[in-house]
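To start, the structure under review is shown below, and the notes come after it.
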Amino acid sequence: TWPTPATPGVLAPGEIATATADYEITQDDVDAGAVLNIATADGVDPNDTDVTDDSEANTVPTETIRAEVELTKNGVLADPARADEGDTVNWSFELSNTGNVTLTGVEIVDSLAGISAVTYTWPGADGTLEVGESVTATATSTLTQAQIDGGTVENDAVGSGTPPRGDAVSDPATAAVVLASQASMDVTKVGTVDGAGNAGDTIDYDFGITNSGNVTLTLVDLVDALVGVSSPVFSWPGTPGELQPGET
């Protein structure tokens, strides 16, 4: 706004021109926490000499820094029909930048023993999430018999990232995969006469008790209803009275 509208760009001694301008805040400004602005005015005097002056630095704070992440997690059995020791569980993750500043050093740490390394699919630069961006990731683990006997495999993970200023932020997530218990056993029995089959001869019975399910069986025993049969003598594959899946 010139003091003499008819002669824009001309200032007589003591006159003042005012001006305005708009500026759109960028993500870099938000990350920096402020917009730094220095303006320069210039003109030419009657002797054709350049005259210039800089304004003082003007710093306008941007929105208060708000660094946040959100982690979601899911687990699925590779073979959902039945869980057996050694089967694979596929874990999936999604970590989102829900704040208003860029995050670097982004990572997901999973605490499950024996889980594989986390594999990421980044939307841009590795380890960096811009505002509103998400990274997806996967990992796998192998089922143990203890997990199957317990009925679930629980998995805790933490996603984190570091803002331009301040401490790192994080968000935990837990996922549990239910493992259906399928308890079953198969019993076989064979009798062999030790002799001609006369009174007083002995019949030898051989039994096989197999754990055909997917959970550990304890207090395993055998009761034969035949009157006069002797007590069974066992040959255990491991701990007496216990059968792991597949053991006989």
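The values are calculated or read from the model by the stated rules, or taken from the named source; none is laboratory data. Just so it is clear, the model here is predicted, and its values are computed rather than measured. For neighbour counting, all protein chains shown are included, and Cβ atoms are generated from backbone atoms with ideal geometry for every residue, glycine included. For the accessible areas, the whole protein counts, side chains as well, though only heavy atoms, and no ligand, DNA or RNA atoms are used. Shrake-Rupley method; radii C 1.70, N 1.55, O 1.52, S 1.80 Å.
Being surrounded by 11 or more Cβ atoms within 10 Å (Cβ to Cβ), in contact with a Pro (Cβ under 8 Å, 6 or more places away or on another chain), in a strand (DSSP E or B) and touching a residue at least 60 places away in the same chain (Cβ under 8 Å) is a condition met by no residue of the stretch 197-209.
Scanning the stretch 143-157 for residues that are hydrophobic (A, V, I, L, M, F, W, C) and either open to solvent by less than 20 Å² (accessible area, probe 1.4 Å) or in contact (Cβ under 8 Å) with a residue 24 or more places away in the chain (or both) turns up L143, I148, V153, A157. Of all residues in the stretch 224-245, those that are within 28 Å of G86 (Cα to Cα) have Cβ atoms under 8 Å from Cβ atoms of residues that are among the charged types (D, E, K, R) and open to solvent by less than 80 Å² (accessible area, probe 1.4 Å), 6 or more apart or on another chain, in W236/E242; P237/E247; G238/E247; P245/D84. Do you know which of the residues in the stretch 158-176 that are touching a residue at least 40 places away in the same chain (Cβ under 8 Å) and either among the charged types (D, E, K, R) or open to solvent by less than 20 Å² (accessible area, probe 1.4 Å) (or both) is nearest to G246 (Cα to Cα)? The extreme case among them is A175. Any residue that is free of Cβ contacts under 8 Å to residues at least 60 places away in the same chain, crowded, with 17+ Cβ neighbours inside 10 Å, more than 11 Å from the chain's Cα centre (by Cα) and farther than 17 Å from S160 by Cβ - is there at least one of those in the stretch 84-105? Yes, the stretch 84-105 contains a residue that is free of Cβ contacts under 8 Å to residues at least 60 places away in the same chain, crowded, with 17+ Cβ neighbours inside 10 Å, more than 11 Å from the chain's Cα centre (by Cα) and farther than 17 Å from S160 by Cβ. Looking only at residues in the stretch 109-135 that are surrounded by 15 or more Cβ atoms within 10 Å (Cβ to Cβ) and under 11 Å from the mean Cα position of the chain (by Cα), the one that is farthest from P245 (Cα to Cα) is V135. Can you say whether P172 is closer than 11 Å to V69 by Cα and out of contact with any Ser or Thr (no Cβ under 8 Å at 6 or more places or on another chain), as far as the supplied structure shows? Yes, satisfied. With the requirement that a residue be of a type in the set (A, V, I, L, M, F, W, C) and either farther than 30 Å from A146 by Cβ or open to solvent by 50 Å² or more (accessible area, probe 1.4 Å) (or both), what does the stretch 210-248 give you? The answer is L219, V223, A225, L226, V227, V229, V233, F234, W236. So, A137, is that one in contact with a Leu (Cβ under 9 Å, 6 or more places away or on another chain) and farther than 19 Å from G150 by Cβ or not? Spelling it out, A137 is indeed in contact with a Leu (Cβ under 9 Å, 6 or more places away or on another chain) and farther than 19 Å from G150 by Cβ. Residue count for the stretch 42-80 under the criterion of being in contact with a strand residue (DSSP E or B) (Cβ under 7 Å, 6 or more places away or on another chain) and either open to solvent by less than 70 Å² (accessible area, probe 1.4 Å) or hydrophobic (A, V, I, L, M, F, W, C) (or both): the result is 16.
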